[in-house]
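What follows is a set of notes on a single structure, which appears directly below.
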Amino acid sequence: MTELTSLNAGNGGETHQTADDDHPVLTTNHGTPVSDNQNQLKAGPRGPVLLEDEVYREKINHFDHERIPERIVHARGSAAHGYFECTESLADITVADLFQRKGQRTEVFTRFSTVAGGAGSIDTPRDVRGFAVKFYTREGNWDLVGNNIPVFFIQDAIKFPDLIHAAKMEADRGYPQAATAHDTFWDFISLMPESTHMIMWAMSDRTLPRTFANMEGFGVHTFRFINKEGKSTFVKFHWKPKAGLASTIWDETVKIAGADPDFQRRDLFDRIGRGDYPTWELGVQLFDEAFANSQPYDVLDATKIIPEEVLPVKIVGRMVLDRYPDNYFAETEQAAFVPSHVVPGIGFSNDPLLQGRLFSYTDTQLSRLGSVNFHQLPINSAKGRAAAAGCPFMNQQRDGHMQMAVPKGRANYEPNSLAKAGEPGGAREDATKGYVTFPSEEEGQKLRIRPESFADHYSQARLFFRSMDPAEQAHIASALVFELSKVSLEHIRVAMLANLRNVDEDLATRVADGLALDLPPASPTAAPVQEMAPSPALRIIRGPLERHTLEGRTVGILIADGTDAAELKSLKKAIKAAGGHAMTIAPKVGKVPLSDGSAIAADAQLFGQPSVTVDACAVVLSEKAAGKLVKEAAAVQWVMDAFGHLKAIGFNAAAKPLLDKAGVEADEGVTDLGDFVEAAKKRYWDREPNVRTLA
Ligand code: HDE
């Protein structure tokens with residue numbers, strides 16, 4: 001470490017760190033060594049600053065231009081590096097290199113995001129999450145730019161600017177930030193019945209994921225796989241989290257936003273740091289035209305799912321995120337995901353939402369990253385090919401802003417015959433290895449029209465709602481009441497109720513009751529609403545991906561002066577043995593004296609680590625400390641929230657007064673320390689009706 005030293009007396013007393021064996025000499029961007037990084041160049045000690053000070057001007061000039069435009073949507077994001085491993089070859093279905101060999105690994109960079117908020121907004125609004133994966137395959141980069149919800153609000157990309165304008169902060173007042181609970185969003189939605197299915201998902205717990213590692217991901221659209229024979233198979237992509245699906249309670253979500261706006265970003269960083277690598281299985285739903293034509297909806301319509309019960313998801317690989325970016329800006333911010341970037345063996349369907357996206361993403365990178373050379377940024381560069389072919393990209397494209405490469409020779413055009421003269425002739429097309437578009441038969445009149453097969457806007461919304469666990473149905477109804485209560489124009493609430501009647505009468509009645517409004521007549525439907533078989537696979541609560549486990553989860557242990565050392569030690573050991581992460585939380589962080597005369601530093605301080613930030617809560621106190629903490633609102637709230645958020649609470653006998661003060665009632669999830677670790681593996685949904693009124 002360089003010591004902070006005062007350069008010399010009489011120099012204003014400022015401090016300097018100087019270069020030494022461990023610290024190279026500081027230079028300007030043009031390589032000139034810098035002698036003083038603390039003072040501008042002045043005419044005399046108290047004199048004016050001189051314009052010729054290049055060291056200062058360059059530094060501030062660079063600083064003034066540090067930001068680039070944030071993403072129009074999905075501005076707030078967090079990402080990690082990792083790998084995809086093929087666990088089952090798809091060689092008979094696609095020539096895509098990454099799916100050829102079992103065990104083959106492909107580097108990935110995956111970015112998670114919220115949609116509506118700006119780059120500096122909170123991690124936990126009620127919002128859809130982006131789930132974008134860049135595969136650096138040996139045949140170029142493939143960007144699978146999906147969401148954590150398998151359907152979308154609109155059927156045609158031309159409505160996207162309207163949807164986003166309506167969802168983001170209102171144009172005149174500049175709020176609300178990162179929230180859909182306002183007039184313009186619900187105005188648009190109420191007039192756009194095709195959004196109803198997505199609204200069911202958006203109002204469900206899916207938009208309140210506990211962490212990124214607890215989300216599913218979906219490619220949303222129907223894509224194509226193309227094999228050696230040129231045969232096409234339709235495919236839908238699914239990411240299944242190994243950590244299981246888990247969400248937060250709305251009240252908890254709101255409190256997390258206050259306690260830690262970076263909650264999910266921090267979790268990603270911490271998880272990777274402690275080796276709990278977020279992991280997903282990649283699954284595919286594969287089908288042909290005949291299957292597509294036999295379904296009671298159109299597979300080109302992005303407001304529809306193919307229920308897993310109808311067409312099972314086949315697991316073909318896994319993704320492990322094991323490295324946090326070294327630099328947020330260079331990697332996460334400059335990453336450019338472009339759905340039109342596919343590799344041989346992967347193609348598009350005619351989904352009009354997907355087709356519209358194929359234009360938008362390259363276009364937006366041009367204004368965000370400012371140059372047609374954005375593919376040369378290290379995070380975007382096709383490194384897979386670099387390893388395989390010695391060069392990431394080979395073509396005759398040249399120049400442009402921020403050209404980083406120095407192409408040699410004269411072959412900046414093709415065809416050329418320069419090789420005949422012994423000069424490099426450059427790259428050439430290859431009909432066998434090159435990307436071939438699936439030659440689908442297309443014909444018809446040029447029309448601005450939505451096909452009749454897209455007209456059914458309610459059947460799958462009903463399917464979703466009726467597939468939910470009763471606790472989830474109550475959350476959906478309550479979320480609708482919450483959001484629509486924030487709508488100030490009554491006709492919008494009424495229009496929404498009219499739409500909801502087409503989804504489910506019980507849902508519409510509960511929401512109307514929560515708003516204290518009469519039910520209006522149902523809105524007209526463009527197609528009859530069909531009764532579809534429920535899909536339990538869509539549930540989080542008591543669904544197939546709800547995991548009762550401590551693996552990767554954090555248990556908060558509230559301790560204070562005099563906590564029993566042996567009890568604490570054995571609790572921490574048991575949490576670790578179950579794969580969990582124990583976090584001690586105390587009124588003072590630096591040193592907590594324990595019962596046996598030893599002392600430990602707590603991991604976090606009580607006021608800064610409310611129980612919303614952990615998955616289960618233990619309270620291990622001395623009688624004396626419990627007596628003090630019953631008069632400490634943060635401690636009472638810590639326990640009260642744990643109970644209200646349906647978490648397991650373990651406690652030693654001396655801590656009981658604190659639980660009593662917090663209003664904790666005995667139930668299955670409130671245990672002594674001996675039973676706690678087992679109890680801590682889940683939430684207690686049956687407790688919910690005892691702690692809050694849901695719609
Ligand atoms: Fe995007 N979307 N989107 N989107 N989207 C962008 O591209 C767009 C849609 C998604 O982590 C933008 O680089 C249109 C569906 C993700 O960097 C922009 C339409 C799905 C991300 C854009 C859609 C997505 C974006 C903004 C209507 C799920 C973040 C910045 C057809 C399948 C990627 C950027 C990242 C980002 C356009 C709809 C997912 C403006 C026109 C459907 C995960 O190009």
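Table for the structure above
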| quantity | calculated |
| --- | --- |
| Total formal charge among the other residues, if their Cβ is under 10 angstrom from that of residue 517, Lys/Arg +1 and Asp/Glu -1 | -2 |
| q = 0.06, 0.11 Å⁻¹: log10 I(q)/I(0) that the Debye formula gives for the chain, counting C-alpha atoms only | -0.43, -1.24 |
| Mean Cβ count within 10 Å, highest first, over the residues of peptides 528-534, 281-287, 431-437, 307-313 | 281-287, 307-313, 528-534, 431-437 |
| Fraction in percent of alpha-carbon pairs per bin - 10 Å, segment 513-602 | 13, 24, 18, 12, 13, 12, 7, 1 |
| Once the Cα gyration tensor of segment 245-375 is diagonalised, semi-axes √(5λ) in Å | 31, 24, 17 |
| For segment 284-304 and segment 430-454, distance of Cα centres in Å | 16 |
| Segment 190-255: C-alpha gyration tensor shape, a/c 1.5 cut-off, then a/b vs b/c | oblate |
| By average C-beta atoms within 10 angstrom, highest first, the peptides 217-227, 415-425, 665-675, 568-578 | 217-227, 568-578, 665-675, 415-425 |
| Accessible-area composition of segment 554-690, carbon plus sulfur, in percent [1.4 Å probe] | 54 |
| Those aspartates and glutamates that a straight Cα-Cα span of less than 20 Å connects to residue 314, excepting residues fewer than 8 apart in one chain | 85, 88, 92, 97, 216, 281, 288, 289, 546 |
| Distance in nm between pseudo-label sites at residue 666 and residue 486 (7 Å out along the Cβ direction from Cα) | 4.1 |
| Computed magnitude of the charge dipole of the chain (debye, nearest 20; Cβ of K, R +1, Cβ of D, E -1) | 840 |
| Residue 363/residue 449 FRET efficiency (R0 25 Å; Cβ-Cβ; nearest 0.05) | 0.50 |
| Assigned charges on the beta-carbon of Lys, Arg, Asp, Glu; segment 458-538 dipole about Cα centre (debye) | 160 |
| Three-way shape call for segment 73-203 based on the alpha-carbon gyration tensor, with the a/c threshold at 1.5 | prolate |
| Net charge contributed by nearby residues that have their C-beta within less than 12 Å of residue 600 (K/R +1, D/E -1) | +1 |
| The chain, helix-only ellipticity at 222 nm - DSSP H runs n ≥ 4, -39,500 (n - 2.57), divided by all residues, nearest 500 | -7500 deg cm²/dmol |
| Accessible area of segment 458-538 belonging to carbon and sulfur atoms, whole % at 1.4 Å probe | 57 |
| Fraction of antiparallel bridges per DSSP, the chain only, in percent to nearest 5 | 75 |
| Full-extension gain in nm, residue 517 to residue 26, via 0.36 nm per residue minus C-alpha separation | 170.0 nm |
| Pairs beyond 22 Å (Cα-Cα), from 240/573; 573/682; 59/383 | 240/573; 59/383 |
| Euclidean distance of C-alpha centroids, segment 217-238 and segment 150-211, integer Å | 28 |
| Dipole-positive endmost among 599, 676, 662 within segment 595-695 (Cβ charges, Cα centre) | 662 |
| Shape of segment 458-538, Cα gyration tensor, a/c cut at 1.5 | oblate |
| Added length on full extension, which subtracts the Cα-Cα distance from 0.36 nm per residue, residue 675 to residue 65 | 214.0 nm |
| Charge context of residue 280, other residues only, Cβ under 10 angstrom, K/R +1, D/E -1 | +1 |
| Residue 526-residue 102 pseudo-label distance in nm [points 7 Å out on the Cα-to-Cβ vector] | 4.6 |
| Burial order of peptide ranges 472-484, 680-692, 172-184 (average beta-carbon count within 10 Å, highest first) | 472-484, 680-692, 172-184 |
| Gain upon complete extension [residue 533, residue 228; 0.36 nm per residue less C-alpha separation] | 106.1 nm |
| Percent of Cα-Cα distances greater than 20 Å, calculated over segment 554-690 | 37 |
| Inter-label distance for residue 633 and residue 402, nm, one decimal - labels placed 7 Å from Cα along Cα-to-Cβ | 4.8 |
| Antiparallel %, DSSP beta bridges [both residues in segment 554-690], to 5 | 10 |
| Per residue value of the accessible surface for the chain (all protein chains in place, 1.4 Å probe), Å² | 47 |
| Listed residues 292, 219, 574: farthest to the positive end of the dipole of the chain (Cβ charges) | 574 |
| Projected area, mean over directions - segment 461-590, Cα convex hull, nm² | 12.8 |
| Which of 358, 95, 75, positive extreme of dipole for the chain (C-beta unit charges) | 95 |
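The values are calculated or read from the model by the stated rules, or taken from the named source; none is laboratory data. As the structure is a computational prediction, the values presented were derived from the model and not from experiment. Every residue, glycine as well, gets a Cβ built from its backbone with ideal geometry; the counts of neighbours run over all protein chains shown. We work out accessible area using only protein heavy atoms, side chains counted, and drop any ligands, DNA or RNA first. Shrake-Rupley method; radii C 1.70, N 1.55, O 1.52, S 1.80 Å.
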